[in-house]
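What follows is a set of notes on a single structure, which appears directly below.
Where a number appears in this text, it was derived from the coordinates with a stated rule and is not lab data. As the structure is a computational prediction, the values presented were derived from the model and not from experiment. Here the Cβ positions follow ideal geometry from the backbone for every residue, glycine too, while neighbour counts run over all protein chains shown.
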Amino acid sequence: MSLPNRSGYWILAIIALAVLAPLLSLLTQSGLSTDDSAGLEFWQSNYLRRILFFSLWQALLSAGISIGLALLVARALAHHGVFPFRGLLLKLFGLPLVVPSIVAVMGVVSIYGSNGWIPLGRSLYGLNGILLAHVFFNMPLAVRLLLPVWQSIPTHHWQMSEQLGLNRWQQWRHLEWQALRESLPGISLLIFMLCLTSFAVVLTLGGGPKSTTLEVAIYQSLRFDFDPPQAVALALLQLGLCLLVAWASSLFHKLPDVEISLPNVQMTTVAAGRHINTVIISVAAIFVGMPLVAMIIDALNGPILTVLSKPELWLSASLTLLIGVSASALSVLAGWLLLSTSTDYAMLGQRRKASMIEMLGSIVYVVPPLVIGTGLFILMAPHLNVFEWAIPVVILINAMMGLPFVIRTLGPAMRQSKMRYQQLCESLALTKWQRFKIVDWPLLRKSVALSTALVAAMAMGDLGVIALFGTPEITTLPLMLYHQLSAYLIPNAAVTAVFLLGFCLLVFWLLEKLIGGKTNVEH
Amino acid sequence: MSIIHKQNYKKAYQLFAAVLLSGLVSTTSIAAKPTLTVYTYDSFTSDWGPGPKVKQAFEETCDCNLSLVGLEDGVSLLNRLKLEGKNTKADVVLGIDTNLTADARASGLFSMHGQTLQNSALPQAWNDDTFFPYDYGYFAFVYNTELLKNPPTSLKELVEDANGPTILIQDPRTSTPGLGLLLWVKKVYGDKADEAWEKLSKRIVTVSKGWSEAYGLFLKGEADMVLSYTTSPAYHIIAEDDKRFAAAEFSEGHYQQTEVAGLVAASQQQDLGKKFLAFMQGEKFQNIIPTTNWMYPAALARTSLPDGFNDLVEPSTALIFSDGEIADNRKKWVAEWLEVMSK
């Protein structure tokens, strides 16, 4: 085999530059507090220890529960085969990712609040509320990321397991768990990062400052205390924490042995578990659907025509679309190049190197956009008119934040396609372009479609750093929603929220359709 | 790829081009008129805020362009200005409050406003020659009169009645009203503030990041009262014709928040900036404030306010710390609050 593709290193270099340069520029900004002893006191305080512990604890718990439930649901979906509305259900599972956190909080409260459908009363506020909201956000995403794993288990393995008379537990142990070991650590890390950086959800549903996370502390030191060096130190601490968890999760990581059989197209349905599967799928659908339905009911009671007839809404929608699609295109391109390198290393047997590259590409997610944005601002402001550059910067930051999603969705598929066809391509002496056109694209377009759609949706729902740079006439939809809320226009905001959801669903569906092609093989 | 797909791409591309172009055109269409750039918070510039009306009214008289740049909130405004320093594009900064003015003054980035406040509606004389007020309000606990029949009549009653109403508040680290309540309790309880918070904390349902979350949760019925402004019920009366909401009047008085604007020292347009500050205390600007910012205008008689404002609670005493006291103690007080509330 030829030398590994080096393009991934370029991507890593660009990411490192885009993260480290802003961090360094922040360090040069001396904070207002010149009192060094106060700084030292902060680093030794109980407060810091408490938030470190709490950040880690709530994120591990949230991610653990989300992943555990997602395994159950994904397994049920995989075994259940085709049923009506399966495609719609999976689209629905892409939605919570889009919901701006304030809307999700309101949705969760509509269901579990004191006047909700399943009132939990005061006990909602605290760890319960945080976990409920995080499972609502992340379980569906994890299901979408885990489902392809079942699809990748070759048919003859299932047949063999039946011939051997393996029971469900043995099947899980010897077939499914083995297949999952490749993706699970990465997906868990991604969900962990999402929970670790959660802010408004944790603060609002957490019941108060007991539930302060590192992310809140970073925000506080950068904004309230205006102490950029302390913000950088805290951001690095968060990064370090995440590296530690990444390292721990990599211990469970195991790439499957080279697999040259064809993947199964039709899942063998295990009849015995059908009823249980139906129950699991229904409960999951209800759990995810309820807050969404509550949002829709709120919107139906709102001034629908007033909101929809505003030209500003449609301008905001096109700007939101521009940001979402550009960020996802950039993110998928960067992800593709990065993965080309890491899969080459995996093929050469250098698996640690491969997973290291993927991990470095993912982990930037935990450096808060507010920190990167402020740093970039300091770098740019003396040379450029930052107002004109606000949108490109928002796109760049969203593209970086999308990278872990791309790595998780595209990575396994790319590695498998390489394992199967590398030798064939080499013996046919295909050029890079021929190979892309004939082999890679047809095989990978479904995964490319899913990652593009996910990143676009995420970027579209993100409040982003646009508020940091200053908003001229056009705003994004999530920002418009916040404006409505701060102007007491809560019913209008409910309509805007559902419009944003519907719009994202449409974009999600279109991107998956356009890029993924017409085949009806679902992930 | 089918032709249909290609057309879709083409359309999408055209849409993007249109959005991009409209952005470029709007930022590059510089007329011969001078442009006054005002940094403010983005709920001021939003379609529902005072921004659009203020822009129109000022441009009618100034023979200039008014460019309103919206940032997240008052705290971001000041941070932004500190980051930009002398290279700032801002001529005027509008929207920081008196909790931040000492800090802002210390930055040395502002020049004297050179105005005298006429028709002042403020409860105290205005002596600050760097910052100039445009509106003010009082923090208060808002409740639904149909659901809460006997609201507390003092902060002490709210704090000390163990069976009192449940409340929603905001975090002083992330929200202006949150900081306001912290100062309010400090004003009333002084050194005993931590004991007060300990008692109160049992009935705090949650502490949200911003005002919007807390108010939204309150409207969903999550608690009996929410920390907001005495003027909040005016919104429901005027915009929704809904008279159920009221602010509870507390006998110790209410903590006051005054929002101000300042002239940026590095600005090349000092005269135009002063013209804007003068316009700000004029009747046109002041009349826009009540029903867009839902605060009391700083220079308009109570009798000139729209109807809904006359039914509001009028605090007997306006409680306020000097901006110097806040700058000296803010960090310490917030740390104290965190300590008690994290138990």
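For the reader, a short list of remarks on this structure follows.
- On Cα atoms only, tilt of A:274-300 relative to the major axis of chain A in degrees: 30 degrees
- Each Cα pair under 8 Å and six or more residues apart adds its separation to the average, and for chain A the resulting relative contact order is 24 percent.
- In the range A:281-418, a dipole from Cβ-located charges (positive for Lys and Arg, negative for Asp and Glu) runs towards its positive end, and of A:Val293, A:Leu384, A:Leu338 it is A:Leu338 whose Cα lies farthest in that direction.
- Projecting the Cα atoms of A:Ala494, A:Ser417, A:Met458 onto the dipole axis of the range A:402-508, where Lys and Arg carry +1 and Asp and Glu carry -1 at the beta carbon, places A:Ser417 farthest toward the positive end.
- Quarter the surface of the alpha carbon convex hull of the range A:444-510 and you get the mean projected area, 5.1 square nanometres.
- For the segment A:375-383, counting C-beta atoms of other chains within 10 Å of every residue's C-beta and taking the mean gives 2.
- Computed FRET value (nearest 0.05) for A:Leu300 with B:Asp241, which takes r as the C-beta separation and R₀ as 22 Å: 0.55
- Relative to the dominant Cα principal axis of chain A, helix A:7-27 is inclined by about 20°.
- Within 10 Å of each Cβ in B:169-175, the average number of Cβ atoms from other chains: 5
- Dipole-positive endmost among B:Thr98, B:Leu81, A:Gln159 within the protein assembly as shown (Cβ charges, Cα centre): A:Gln159
- Across the alpha-carbon atoms of chain B, the computed radius of gyration and Dmax are 22.3, 75 angstrom.
- Cut-off 9 Å between beta-carbons: net charge of the residues surrounding A:Ser342, Lys and Arg +1, Asp and Glu -1: 0
- The long axis of helix A:369-380 is offset from the longest Cα principal axis of chain A by roughly 70 degrees.
- Equivalent-ellipsoid semi-axes for chain A (Cα gyration tensor, √(5λ), whole Å, largest first): 36, 29, 24.
- Contour excess over end-to-end distance, with Cα ends at A:Leu333 and A:Arg6 and 0.36 nm allotted per residue: 116.3 nm
- Computed from backbone phi with θ = phi - 60° and the Karplus coefficients 6.51, -1.76 and 1.60, the 3J(HN,Hα) list for the range B:204-211 is 8, 5, 7, 10, 8, 5, x, 4 Hz; x is used for glycine and proline.
- Entry note, chain B: relative contact order of 25 percent, from Cα contacts under 8 Å with a spacing of 6+ residues.
- Ranking of A:Asp344, B:Asp135, B:Asp307, B:Asp129 by neighbouring Cβ atoms within 10 Å, starting from the fewest: B:Asp307, B:Asp129, A:Asp344, B:Asp135.
- Over the range A:144-228, relative contact order from alpha-carbon pairs under 8 Å, at least 6 apart, %: 23 percent
- Of all beta bridges that DSSP places with both ends in the protein assembly as shown, some 60 percent have antiparallel geometry.
- Lysines with Cα under 21 Å of B:Lys284, excluding same-chain neighbours fewer than 8 positions away: B:Lys53, B:Lys55, B:Lys274, B:Lys275
- A simple count of charges around B:Asn150, restricted to other residues whose Cβ falls under 14 Å of its Cβ and scoring Lys, Arg +1 and Asp, Glu -1, yields -4.
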